[in-house]
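The structure appears right after this line, and notes come after that.
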Amino acid sequence: MEYGYDFRKPKFYRALMTGFSVGFMATIVCLIYNIIYRHSTGYPLNVFINVSSIIFFVNTLFPVIGIIYYSFIASLKKADIIFSIVFIVITAFCIWRTEMTHRTSDHVLNSEFRNLLLGIVIILGISAAVFIPLLYHSKKFEDAIL
């Protein structure tokens with residue numbers, strides 16, 4: 001049934017809802033990565049990185065990133081490129097800091113924690129830098145999801 005909603009949704013709404021949608025997709029990918037990584041390595045520690053913390057953190061972070069994206073497109077001419085570059089730099093910084101993380105005195109568990117965290121940081125960084133601008137401008141995404 002068609003309701004005749006032919007108007008374009010406001011930029012803020014589209015940016016926020018794109019952030020929600022990309023956050024949901026990133027959450028699923030992070031959870032899959034978490035399961036596969038823990039199954040393949042046998043990494044036992046789950047105090048910091050677990051299902052509930054991934055769901056809460058990612059689904060809180062990405063609407064905020066959507067709002068940040070809106071501020072970029074509302075105030076800058078080449079907002080997509082600048083936004084992507086900024087989030088690639090932020091991701092690179094987080095990767096650098098992840099490599100210095102010291103979780104436990106056991107070297108093997110420490111290395112496994114870093115690798116788990118590193119994968120999640122990379123997934124989130126790619127999701128923010130690539131998929132938010134890409135899906136924001138997708139007419140199919142807007143019509144089907146937003």
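The values are calculated or read from the model by the stated rules, or taken from the named source; none is laboratory data. The shown structure was predicted, so the numbers you read here are calculated from the model rather than taken from an experiment. Cβ coordinates were reconstructed from backbone atoms using ideal geometry, including for glycine residues, and neighbour counts include every protein chain displayed.
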Exercise. Give me the pairs: first residue in the stretch 66-80 and modelled with pLDDT under 95, second residue among the aliphatic types (A, V, I, L, M) and surrounded by fewer than 16 Cβ atoms within 10 Å (Cβ to Cβ), beta-carbon distance under 8 Å, and six or more apart or on different chains, which are they?
Worked result: 76/82
Exercise. Yes or no: residue 80 surrounded by 15 or more Cβ atoms within 10 Å (Cβ to Cβ) and acidic (Asp, Glu)?
Worked result: yes
Exercise. With 72, 57 as the choices, which residue is closer than 16 Å to residue 132 by Cβ and either out of contact with any strand residue (DSSP E or B) (no Cβ under 8 Å at 6 or more places or on another chain) or part of a helix (DSSP H, G or I) (or both)?
Worked result: 72
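State yes or no: is residue 65 surrounded by fewer than 17 Cβ atoms within 10 Å (Cβ to Cβ) and either β-branched (Val, Ile, Thr) or not in a loop (DSSP other than H, G, I, E, B) (or both)? Write out each step before concluding.
Values: surrounded by fewer than 17 Cβ atoms within 10 Å (Cβ to Cβ): no; either β-branched (Val, Ile, Thr) or not in a loop (DSSP other than H, G, I, E, B) (or both): yes.
Taking the combined requirement at face value, the residue does not satisfy it.
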Exercise. In the stretch 117-144, how many are of a type in the set (A, V, I, L, M) and farther than 23 Å from residue 98 by Cα?
Worked result: 4
Exercise. When residues of the stretch 45-65 are filtered for being farther than 17 Å from residue 20 by Cα and in contact (Cβ under 8 Å) with a residue 40 or more places away in the chain, how many remain?
Worked result: 3
Exercise. Only one of (1) loosely packed, with under 11 Cβ neighbours inside 10 Å; (2) small (Gly, Ala, Ser); (3) under 30 Å from residue 143 (Cβ atoms) fails for residue 42. Which number is that?
Worked result: (3)
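Keeping to the stretch 99-146, report how many residues are part of a helix (DSSP H, G or I) and closer than 24 Å to residue 19 by Cα.
Start the filter on the stretch 99-146 by keeping residues that are part of a helix (DSSP H, G or I), which leaves 99, 107-136, 139-144.
When the remaining residues are screened for being closer than 24 Å to residue 19 by Cα, the result is 116-136, 139-144.
So the count comes out to 27.
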